[in-house]
Amino acid sequence: MPVEVEVELSFVVPVFNEAESLRELTDQIAAAVAPLHKSWELIFVDDGSTDESWTTVGKLVAERPNVRGLKFRRNFGKAAALQAGFGVARAAVVFTLDADLQDDPVEIPRFLEALNAGLDVVSGWKQVRHDPWHKVFPSRVFNGMISRLTGVTLHDHNCGYKAYRRDVIREVRLYGELHRFVPVLAAARGYRVGEMAVHHRPRKFGRSKFGWQRFLKGFLDLLHVRFVTGYGRRPMHFFGTTSVILFALALLLILTGSVLSLATNAGLLTVLAFVLGSVALTTSVQALFVGYLAELFVSRSTTDRDTFEISLRLGLEDRS
């Protein structure tokens, strides 16, 4: 069995049809890390690419002992790719960056300085973005919404260029589309989160993989994260409060209906008040019951298995 070498920096890079940029990205990371005199590994996670990405990864693994590769059976999404990479990363500091060369490895020393200054998560901020306006504007609106609803104020939650202490990635579990909310999930566990402006480069190869659908998914994920971070371990507080509010509303409507029934020419309003009151009362009881079930589930739940399937590994045969 091969002897594991201590690694100080891990780089996890999700890959989806990025064959043209992988070799150049590897060279740039190597050049940026060389002056630091730190051992490192680069983990490419092929998220179901249909081009020559996996072939290129295989060549890089054969040429460089610190390059490793994971290949999914199909496209499972960026969050799954990051989770898989985190699962095999060995270093005390883990970087994530995109494979399209828009994230500049020259920024790596500055990320380390921010971590050494006391942060646990450092998120990149593409202060000057080289993307079309129809991608930039909705992103800024969405980032503002995340900051306001979660209390974690960052300019660019969705930036894939981040650095983490190892403890963070061991505790925060990613699935669905939660990769853009890692700083929020980390902050909810008490980790110190910050950001720094990074150089964002124009796209050199290929095209963006994200469309308008990601904003709808992002909004739904935001609601999920807000609930999980605020009430994930105490769901009865959310459903119980909702139940009490609905119960009070039901009483008010029924009382209003009773008063209206004493008045003349208020037949329709009386019926409406009683109907709405009944609906509110029924929903109140249902919310309380759902809260009880959620509380029971949380108290007995265990961590689900991974939601992705790895078909091939390169440079990782020693760790199944």
Original post:
Taking the range 1-28, which residues are surrounded by fewer than 22 Cβ atoms within 10 Å (Cβ to Cβ), under 28 Å from Val168 (Cα atoms) and aliphatic (A, V, I, L, M)?
Top reply: Val3, Val5, Val7
Original post:
Among Gly118, Gly124, which is closer than 20 Å to Val198 by Cα and touching a Cys at 6+ places or on another chain (Cβ under 7 Å)?
Top reply: Gly124
**OP:** Report yes if Val193 is farther than 15 Å from Leu97 by Cα and at pLDDT 85 or above, otherwise no.
**Re:** yes
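Any residue that is of a type in the set (A, V, I, L, M), touching a Lys or Arg at 6+ places or on another chain (Cβ under 9 Å) and at pLDDT 80 or above - is there at least one of those in the range 142-158? Lay out the reasoning, then the answer.
Step one: filter the range 142-158 for residues of a type in the set (A, V, I, L, M), giving 145-146, 149, 152, 154.
Now drop any that are not touching a Lys or Arg at 6+ places or on another chain (Cβ under 9 Å), which leaves 146, 149.
Restricting the remaining residues to those that are at pLDDT 80 or above gives none.
So far as the range 142-158 goes, no, none of its residues is of a type in the set (A, V, I, L, M), touching a Lys or Arg at 6+ places or on another chain (Cβ under 9 Å) and at pLDDT 80 or above.
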Subject >> Test: Gly176 is at pLDDT below 90 and on the phi > 0 side of the Ramachandran plot >> reply: yes
**OP:** Assess whether Arg68 counts as being in contact (Cβ under 8 Å) with a residue 24 or more places away in the chain and touching a Leu at 6+ places or on another chain (Cβ under 9 Å).
**Re:** yes
Original post:
Can you tell me which of Val57, Val61, Val94 is out of contact with any His (no Cβ under 9 Å at 6 or more places or on another chain), within 20 Å of Val182 (Cβ to Cβ) and in the same structural domain as Phe16 (by TED's automatic domain parsing)?
Top reply: Val94
**OP:** Find the residue count for the range 68-79, including only residues that are aliphatic (A, V, I, L, M) and buried (at least 24 other Cβ atoms within 10 Å of the Cβ).
**Re:** 1
Subject >> Pick from the range 153-202, criterion among the basic types (Lys, Arg) and over 14 Å from Leu119 (Cα atoms), ranking: nearest to the chain's Cα centre (by Cα) >> reply: Arg180
**OP:** Taking the residues in the range 293-320 that are of a type outside the set (D, E, K, R) and surrounded by 15 or more Cβ atoms within 10 Å (Cβ to Cβ) as candidates, determine which candidate is modelled with the highest pLDDT.
**Re:** Leu314
**OP:** Output the qualifying pairs, or none if there are none: Cβ atoms under 8 angstrom, residues six or more apart or on different chains, first residue in the range 178-205 and under 13 Å from Val168 (Cβ atoms), second residue among the small types (Gly, Ala, Ser) and not in a loop (DSSP other than H, G, I, E, B).
**Re:** Pro183/Ser123; Val193/Ser123; Val193/Ala186; Val193/Ala187; Gly194/Ala114; Gly194/Ser123
Subject >> Matching entry among Ala91, Ala163, Ala81, Ala99 (being closer than 26 Å to Ala186 by Cα and assigned to a strand (DSSP E or B)) >> reply: Ala163
Subject >> Inter-residue pairs, beta-carbon under 9 Å, first on the phi > 0 side of the Ramachandran plot and in the range 98-114, second buried (at least 21 other Cβ atoms within 10 Å of the Cβ), 6+ apart >> reply: Leu101/Glu18; Leu101/Ser21; Leu101/Leu25
**OP:** Please enumerate the residues belonging to the range 56-74 that are assigned to a strand (DSSP E or B) and of a type outside the set (A, V, I, L, M, F, W, C).
**Re:** Arg68, Gly69, Lys71
Original post:
Can you name the residue in the range 251-273 that is over 23 Å from Gly240 (Cα atoms) and either in contact with a helix residue (DSSP H, G or I) (Cβ under 6 Å, 6 or more places away or on another chain) or outside the structural domain of Gly240 (by TED's automatic domain parsing) (or both) and, of all such residues, is modelled with the lowest pLDDT?
Top reply: Ala266
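The values are calculated or read from the model by the stated rules, or taken from the named source; none is laboratory data. Computed from a predicted model, the values in this text were never measured in an experiment. Here Cβ is always computed from backbone atoms with ideal geometry, including for glycine, and neighbour counts include all displayed protein chains.
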